[in-house]
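A short reminder: the numbers here are calculations on the coordinates, not readings from a lab. Being a predicted model, the structure only gives us computed values, none of them experimental. Neighbour counts run over all protein chains shown; Cβ positions are idealised from the backbone, glycine included.
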Amino acid sequence: MTGLEALDLLRRGNAKVRRSEWDKDDFLYTLDDNDNIYTSCAYERNRGGKCHYPSDAEQLTLEILADFLRDDWEVVR
C-alpha cells in the first residue's frame, strides 16, 4: 500500500503498519482511544536511539517523511 494509505489506517486507529523492507519487529501503530502514533521498541532502537544531536533529529524527521513517500507499506498481523 502507499504511505498515504498507511497513514489513513493509522488515523482510523487500532492499526499496525510497516514498510516491507523493515525488520519484522519494526512497525508503527495506533490505539483506539487516542490520535497518537506509536513506534515499536525495535523501531526506537533502530532509529530513535541514533539521535544525539539536533541535526540527528532533523535527519530522522526527513527519513520518516521519505518513508511515507514509498509504496511498500503493509499491515502487520
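If you take the beta carbon distance between TYR53 and ASP32 as r and set R0 to 30 Å, what does 1/(1 + (r/R0)^6) give as a FRET efficiency, to the nearest 0.05? List each step's numbers first, then the result.
Numbers: r = 36 Å, r/R0 = 1.21.
The calculated FRET efficiency here is 0.25.
Scaled against the 2.2 N^0.38 Å expected of a compact globular protein of N residues, the Cα radius of gyration of region 3-75 reads 1.09.
Angle between the Cα long axis of helix 54-67 and the longest principal axis of the chain, 0 to 90 degrees, nearest 10? The angle comes out at about 30 degrees. In the chain, the longest principal axis of the Cα atoms and the axis of helix 3-12 are about 70 degrees apart. In the chain, the DSSP-assigned H stretches of four residues or longer account for a calculated mean residue ellipticity at 222 nm of -11500 deg cm²/dmol, using -39500 (n - 2.57) per stretch and the full residue count as denominator.
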